[in-house]
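Have a look at the structure below, then the notes.
The values are calculated or read from the model by the stated rules, or taken from the named source; none is laboratory data. The model shown is predicted, which means the values in this text are computed figures rather than measured ones. Counting neighbours? That spans all protein chains shown, and the Cβs are built from the backbone with ideal geometry, glycine included.
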Amino acid sequence: MKNSPVWLPASFYPPGYTREQALESVDIGWHGLINKAFDKLESITDIIIVIDQVKEKYGGLRIYTSTMYEEFDKFVIELETESYKICETCGEAGELRGADWYKTLCDVHANGRPAISPF
């Protein structure tokens, strides 16, 4: 006989990132993208979506959720793609920059780092 799944109360699961925690996870240049993600999240009422992690990875924004929901997932992919065109530091137009660490930066904040193609 198979074991029955154990269902735990919602209070057992971590609450996920708040908007403020997500904003603290990236530089100010991407705050607009984070706010767009949370605005979209708040507009979805038919399912609970929890943002588990927000970070910069390989020069782009990453938003990880606990629930797969096509509408929100597509929106997040658009934001992540858009992040490669926005300076992490100031929010102006930017490009992915190479060297020892990938960052998306404008010419002012690039400090001479060369632009590279993200795709």
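Numbers for the structure displayed
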| item | result |
| --- | --- |
| Selection count, the range 91-117, where residues are of a type outside the set (Lys, Arg) and either surrounded by 15 or more Cβ atoms within 10 Å (Cβ to Cβ) or at pLDDT 95 or above (or both) | 14 |
| Residue 42 vs. criteria in contact (Cβ under 8 Å) with a residue 40 or more places away in the chain and closer than 28 Å to residue 16 by Cα | no |
| Selection within the range 45-62 - in contact (Cβ under 8 Å) with a residue 40 or more places away in the chain and part of a strand (DSSP E or B) | 56, 60 |
| Subset tally (residues that are within 14 Å of residue 44 (Cβ to Cβ) and among the polar types (S, T, N, Q)) for the range 59-101 | 3 |
| Criterion: assigned to a helix (DSSP H, G or I), surrounded by 14 or more Cβ atoms within 10 Å (Cβ to Cβ) and of a type in the set (Asp, Glu) - qualifying residue of 42, 80, 71, 88 | 80 |
| Boolean, residue 42 is at pLDDT 90 or above, farther than 19 Å from residue 75 by Cβ and of a type outside the set (Phe, Trp, Tyr) | no |
| Check on residue 36, out of contact with any strand residue (DSSP E or B) (no Cβ under 8 Å at 6 or more places or on another chain), modelled with pLDDT of 95 or more, within 30 Å of residue 113 (Cα to Cα) and part of a helix (DSSP H, G or I) | yes |
| Subset tally (residues that are charged (D, E, K, R) and farther than 21 Å from residue 23 by Cβ) for the range 46-72 | 3 |
| Residues satisfying the stated conditions in the range 91-109, i.e. assigned to a loop (DSSP other than H, G, I, E, B), closer than 11 Å to residue 56 by Cβ and within 17 Å of the chain's Cα centre (by Cα) | 102 |
